[in-house]
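A.B. asks: Input: one structure, supplied below.
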Amino acid sequence: MELPIVAYGDPVLRKKAEEIDENYPNLSKLIEDMFETMYASNGVGLAAPQIGLPIRLFVVDAAPFAEDDDDDEVDEACADFKRVFINPVIFEETGDEWGFEEGCLSIPGIREEVKRKERLKIEYYDENWDLYEEELDGILARIVQHEYDHIEGILFTDKISPLRRTLLQGRLVDISKGKVDVNYKMRFPKQQRKR
Ligand code: ZN
């Protein structure tokens, strides 16, 4: 089932999300719905707060980046990178900061360059509650850093220059009011109900 994606301005996107345990109700259905929602909106990652749930869970499928890169090794890594992250902890970030133009399903139509560190180490549970430790770099690290920010209540627009943010302010307010063209289901915090 495709779920509506919560738009910029909703307080759920600003909460530090809570850990869950194996008793969390209907978790496998929720994960399935999150993948369906992400694919329907052509995203490469989706965090639970973006569908209105302040829990530490996100899904990633980097396959769309697989044909993007000149480097075959990067292509292959992206093609195989479909993951569920439950209660993840990024415990190390290293390398130089590099810039990349990011977008977000909760902030449609806006793309801005964000600087992030090159590499990270993360520990997380997958959908079967198996515990993993993984080292990621480049675009895969970037996707995970973006989604991890969501469960910390951080959006990529927090990480751009104050000047850029000021320039975008009007468009961000418009998004929160639903004044934006988007071809997937969304829920807008400040939208006037129409009869
Ligand atoms: Zn996002």
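A.B. asks: Any idea what % of Cα-Cα pairs in segment 93-186 are farther than 15 Å?
C.D. replies: Roughly 66 percent, once rounded to a whole number.
A.B. asks: Please say if segment 1-52 is rounded, prolate or oblate, where rounded means a/c under 1.5 for a ≥ b ≥ c the square roots of the C-alpha gyration tensor eigenvalues, and otherwise the choice is prolate for a/b larger than b/c and oblate otherwise?
C.D. replies: oblate
A.B. asks: What is the local net charge at Arg171, summed over the other residues whose Cβ is closer than 15 Å to its Cβ (Lys, Arg +1; Asp, Glu -1)?
C.D. replies: +3
A.B. asks: Okay, next question. Report for the chain the percent antiparallel among DSSP-assigned beta bridges with both residues inside it, nearest 5.
C.D. replies: Beta bridges within the chain, antiparallel portion: roughly 90 percent.
A.B. asks: Using 0.36 nm times the number of residues separating Lys82 and Glu134, minus their current alpha carbon distance, what extension gain do you get?
C.D. replies: 17.4 nm
A.B. asks: Summing +1 for each Lys or Arg and -1 for each Asp or Glu, what net charge is found among the other residues whose Cβ lies under 14 Å from the Cβ of Lys16?
C.D. replies: -2
A.B. asks: Moving on to the next point. With charges set only on the Cβ (+1 for Lys and Arg, -1 for Asp and Glu), what does the dipole of segment 7-154 come to about its Cα centre, in debye to the nearest 20?
C.D. replies: Charge dipole, segment 7-154, about its Cα centre: 980 debye, nearest 20.
A.B. asks: Once you have the alpha carbon radius of gyration of the chain, what is it after dividing by 2.2 N^0.38 Å, with N set to its residue count?
C.D. replies: Dividing the Cα Rg of the chain by 2.2 N^0.38 Å gives 1.01.
A.B. asks: Run the paramagnetic zone check for Arg14: 7 angstrom along Cα to Cβ, then residues of segment 152-190 with backbone nitrogen under 11 Å.
C.D. replies: Output list for this probe position: empty.
A.B. asks: Could you let me know the centre-to-centre spacing of segment 155-180 and segment 12-79, using Cα atoms, in angstrom?
C.D. replies: The distance from the Cα centre of segment 155-180 to that of segment 12-79 comes to 23 Å.
A.B. asks: Segment 59-103: D in µm²/s via Stokes-Einstein (Kirkwood Rh, Cα pairs, 37 °C, 0.692 mPa s)?
C.D. replies: My calculation gives 262 µm²/s for D.
Values quoted throughout were computed directly from the atomic coordinates according to the rules given, and no laboratory measurement underlies them. These numbers were taken from a predicted model, which means no experiment stands behind them. Every residue, glycine among them, receives a Cβ derived from its backbone with ideal geometry; neighbour counts consider all protein chains shown.
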